[in-house]
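**Student:** Please read through the structure below; I'll follow up with questions.
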Amino acid sequence: MIYQSDAITLRRHDDGILEMQFDLKGESVNKFNQQTVQALTDALDALDGEQDVRGLLVTSGKGVFIVGADITEFTSLFGSASDDIGGFTAHNNANFNRLQNLPYPTIAVINGFAMGGGLEICLACDFRVMSTAAKIGLPETKLGILPGWGGTVRLPRMIGVDEAVMWMATGKDHRAEEALKAGAVDAIAAPEQLRDVALATLGQAMDGKLDYAKRREVKSSPMPLNDTEAMMSFFTVRAGVVQQAGKNYPAPVKIVDVISKAYTMGLEDALKVEAEGFAELATTDVAAAMVGLFLNDQLLGKVAKGWEKKAEKKVERAAVLGAGIMGGGIAYQSALKGVPIRMKDINQAGIDLGLSEANKLLAKRVSRGRMTPDQMGDVLNNIDPQLSYEGFDDVDIVVEAVVENPKVKHAVLAETEKHIRDDAILASNTSTISIDFLAEALERPENFVGMHFFNPVHAMPLVEVIRGEKSSDEAVARTVAYANKMGKKAVVVNNCPGFLVNRVLFPYFDGFSKLVRDGADFQAVDKVMEKWGWPMGPAYLSDVVGIDTGVHAAGVMAEGFPDRMKLDFKTATETMFENDRLGQKNGKGFYAYVPDKRGKPKKTVDEESYALIAPHVAERREFERDDIIFRMMLPMCTELARCLEEGIVGSAAEADLALLYGIGFPPFRGGVFRWMDTVGLATIAEQSAKFADLGKSYELTDGMQAMLADGKTYY
């Protein structure tokens, strides 16, 4: 053994070959934390003292290669000076440069995920051999930053500007075949053959059959572009990135700027440009928000895994009551993820609709090459459609997804309980009805929870698992375990009207209703909130959700929280409902919808909407952008704070992610609590006072006032 630490070992093999193996003790994956970075420095020092070395293998002792930097250490950089951030990137850049300049060939043996810094060290090696089961990528833009250890320098010099920008701007990972085609790796091999292929490739380089010196020259030199080629290339690439990324995500555009500024430079100078770009992005609110989301997501996964471990019995077979679009979506997702499911409805038309939904989603996967027809058949065979309760005594969990009517749900749940095992879990996919109320119909309420999916089930990652007053830990644990198996993000919340997401969403809609009442143009409100970051404005969102659904849910919320959600005027949404304008589902709501060439509903302006609401609203006038934003957002902020203070949700992190995954809260703002931290509670308080006449939903909670007085933040 030449060198050994808790992160890296360095050993000698036959024929003058050395192996540097990353194997971070106490961790399931390798990552570049401070310990690993220093260990790499020490290992390179040890290499300098070795004689008769002909080549170096860089390998992993784990099931993955290296997943990138340790993000938990990265958060300390926010608010730091540029020099401090430069120190973060400089140490490992020096390591990678030393690795690239070793006096013998090097090869990275990529046996699993090589992401971010994990790929950047591979780029510093002369050759890369990749397992067919591995994936590589530079996902830094998903954290609001750019690659900081040479990715923006080496990758475009190796695979070309257009391809490299696409890799970095999107942050996507790439399979072995894609990486080989792009030129990012030199060979791919089945996992069991990976080491042999790597040794053979390294052998060719050691014997002079592969020119590793030429490769180093390419990575260290200016790009071979004349001024005209460069101007055309960077103009086209930048325009495409700006269009895709938008103004709220600066990192993808900064990548283009960094590469275009450094394309005439050698390695050292180009790395300085990269470091400047990295430091600039690392000090933005966007980076703080997106890194925060990454860490929140890890926390959410950890909490969900903790619940899963508490489950005394695994979920091996499921059932869904009520086919249709929602039931079919649940059946599809369960079957796709390997949990066989019975899909029951009271009539064949419902069954046909549910199977049609599953077929449509699976056919789309086949058409996109993500599944073979045989695999599609296997998934469909995991869905057992039926009109009776036959076989329900062998399921571990039943999800009720019938019509959102309390009496119907009471009857269906009580009937279903008679046909399942005493230890089976019964869950309701209700979006508004109290879990405690529904439990009144059951003999075993301890086995009953809410399991609220969001529509469309296959696309929306969130599942709210709602604990009722009598729900047992086992019921919650097994439901979370099922959500995990389905590939969903489970957030456990306590029972209340609207649960978490809808309880917080409807005060936002109330803010919209008051704006329109006071003379705001709903189109103008939509445009402001969409520019602020929402995927669609409140009027458009109402149309997509369904005006009738919104009116029903608003009634539930008003009954549950009359002091702040019961409105004393007729809303524009209610006016739409009374005039049978239900949104996209019947082609007219706030907007009118006509099918485009692909058959998708296209939003168009409809003057009839304005005529209908005119008797119920003030004369139209313009509002300041910030007034619209705070009038929309303050009710959501105060209601979410109440949910946290009341223990409806366990943490600010879980609450922020629930709104991100459930209703598309702008990721670059990091969540409602993160946004309040960013603008400051003092600003929130000022706006609260400004709009105090709008009602209780604009008042700070006791907890918010205490935090303001103590100078505390949510994160």
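**Student:** If you look at just the Cα atoms of region 416-511, how large are its Rg and its Dmax in Å?
**Tutor:** Just the Cα atoms of region 416-511 yield Rg and Dmax of 13.4, 46 Å.
**Student:** I'd like the GluC sites (Glu not before Pro) in region 397-455 restricted to DSSP loop residues with at most 15 other Cβ atoms within 10 Å, sorted by number.
**Tutor:** Counting only loop positions with at most 15 other Cβ atoms within 10 Å, the GluC sites (Glu not before Pro) in region 397-455 are E440, E443.
**Student:** Which one, G664, F506, Y540, is farthest towards the positive end of the dipole of the chain when Lys and Arg carry +1 and Asp and Glu -1 on their Cβ?
**Tutor:** Y540
**Student:** Give, as a single signed number, the net charge of other residues whose beta carbon lies under 13 Å from the beta carbon of V273, with Lys and Arg counted +1 and Asp and Glu -1.
**Tutor:** Net local charge, V273 excluded: -3.
**Student:** How big is the equivalent ellipsoid of region 1-60 along its three axes, where each semi-axis is √(5λ) from the Cα gyration tensor, reported in whole Å from largest to smallest?
**Tutor:** Rounded to whole Å, the semi-axes are 21, 12, 8.
**Student:** Which of the listed residues, G150, A230, A213, is farthest toward the dipole's positive end in region 3-283, when Lys, Arg count +1 and Asp, Glu count -1 at the beta-carbon?
**Tutor:** Sorting the options by dipole projection puts first A230.
**Student:** Give me the net charge for the shell around A7: Cβ to Cβ below 10 angstrom, other residues only, Lys and Arg +1, Asp and Glu -1. Working shown, then result.
**Tutor:** Values: positive: K25, K31; negative: D6, D23, E27, D42.
My count for the surroundings of A7 gives -2.
**Student:** Which residue, chosen from W167, T571, T683, occupies the Cα position most advanced towards the positive end of the dipole of the chain, where the dipole is computed from +1 (Lys, Arg) and -1 (Asp, Glu) charges on Cβ about the Cα centre?
**Tutor:** Among W167, T571, T683, the one farthest towards the positive end of the dipole of the chain is W167.
**Student:** Could you check the simple spin-label distance between R54 and K696, using points 7 Å along Cα→Cβ, in nm with one decimal?
**Tutor:** 8.2 nm
**Student:** Fewest to most neighbouring Cβ within 10 Å: what's the order for T683, T9, T283?
**Tutor:** T683, T283, T9
**Student:** Would you work out the charge dipole size for the chain about its Cα centre, treating the Cβ of every Lys and Arg as +1 and the Cβ of every Asp and Glu as -1, and quote it to the nearest 20 debye?
**Tutor:** Using Cβ point charges on Lys, Arg, Asp and Glu, the chain gives about 1240 debye.
**Student:** So for region 314-495, considering every pair of alpha-carbon atoms, how many percent are separated by more than 29 Å?
**Tutor:** 13 percent
**Student:** Treat the chain as a sphere of radius equal to its Kirkwood radius over Cα pairs and apply Stokes-Einstein at 37 °C in a medium of 0.692 mPa s; give the translational diffusion coefficient in µm²/s, rounded to a whole number.
**Tutor:** After rounding, the answer is 116 µm²/s.
**Student:** Can I ask one more? How large is the dipole of region 314-495 about the Cα centre if only Lys and Arg carry +1 and Asp and Glu carry -1, each at its Cβ, rounded to the nearest 20 debye?
**Tutor:** Details: 21 positive and 25 negative charges, 184 e Å.
Approximately 880 debye in magnitude.
**Student:** If you fit an axis through the alpha-carbon atoms of helix 161-170 and take the longest principal axis of the Cα set of the chain, what angle between them do you get, 0 to 90°, nearest 10?
**Tutor:** Computed tilt is about 40 degrees.
**Student:** Which of the lysines could be linked to K696 by a straight reach, that is with a Cα gap under 18 Å, when you skip same-chain ones fewer than 8 residues away?
**Tutor:** K514, K566
**Student:** Can you give the % of DSSP beta bridges in the chain that are antiparallel, to the nearest 5? Please report the intermediate quantities before stating the final value.
**Tutor:** Numbers: 21 of 66 bridges.
So the antiparallel bridges amount to about 30 percent of the total.
**Student:** Divide by every residue of the chain the summed helix terms, -39500 (n - 2.57) for each DSSP H run of at least 4, and state the resulting mean residue ellipticity at 222 nm, rounded to the nearest 500 deg cm²/dmol.
**Tutor:** Details: 31 runs with 368 residues, N = 715.
Using -39500 (n - 2.57) per qualifying helix, the result is -16000 deg cm²/dmol.
**Student:** Ok, one more. Where Lys and Arg each count +1 and Asp and Glu each count -1, what net charge lies around E417 among other residues with Cβ under 15 Å from its Cβ?
**Tutor:** -3
**Student:** May I pose another question? When N counts the residues of region 502-710, how does its alpha-carbon radius of gyration compare numerically with 2.2 N^0.38 Å, as a ratio?
**Tutor:** For region 502-710, the normalised Cα radius of gyration comes out at 1.01.
**Student:** Among D568, D162, what is the fewest-to-most ranking by other Cβ atoms within 10 Å? Mind dumping the intermediate values first?
**Tutor:** On the way: D568 5, D162 14.
Ordered from fewest to most neighbouring Cβ atoms within 10 Å, D568, D162 come out as D568, D162.
**Student:** Counting only the backbone N, which residues of region 429-443 are under 20 Å from the spot 7 Å out from the Cα of K585 toward its beta-carbon?
**Tutor:** Correct set: 429-434.
**Student:** If packing is taken as the mean number of other Cβ atoms within 10 Å per residue, what is the order of 130-141, 347-358, highest first?
**Tutor:** Result, highest mean first: 130-141, 347-358.
**Student:** Considering only lysines 8 or more places apart in sequence, or on different chains, count the pairs in region 314-495 whose C-alpha atoms sit under 17 Å apart.
**Tutor:** For region 314-495, qualifying lysine pairs total 11.
**Student:** Using a cut-off of 14 Å between alpha-carbon atoms, which aspartates and glutamates can reach K254, once sequence neighbours fewer than 8 places away in the same chain are excluded?
**Tutor:** Partners within reach: E140, E274, E276, E280.
**Student:** Dipole of region 3-283, Cα-centred, from +1 at each Lys and Arg C-beta and -1 at each Asp and Glu C-beta, to the nearest 20 debye? Mind showing how you got there, number by number?
**Tutor:** Working: 26 positive and 37 negative charges, 128 e Å.
Charge dipole, region 3-283, about its Cα centre: 620 debye, nearest 20.
**Student:** Right, something else. Measure nothing but the geometry: give the 0 to 90° angle between the long axis through the Cα atoms of 652-663 and the longest principal axis through the Cα atoms of the chain, rounded to 10°.
**Tutor:** Around 70 degrees separate the two axes.
Where a number appears in this text, it was derived from the coordinates with a stated rule and is not lab data. Quick caveat: nothing in here was measured; it's all calculated off a predicted structure. Because the Cβ atoms are built from the backbone with ideal geometry, glycine has one as well, and the counts that use them run over all protein chains shown.
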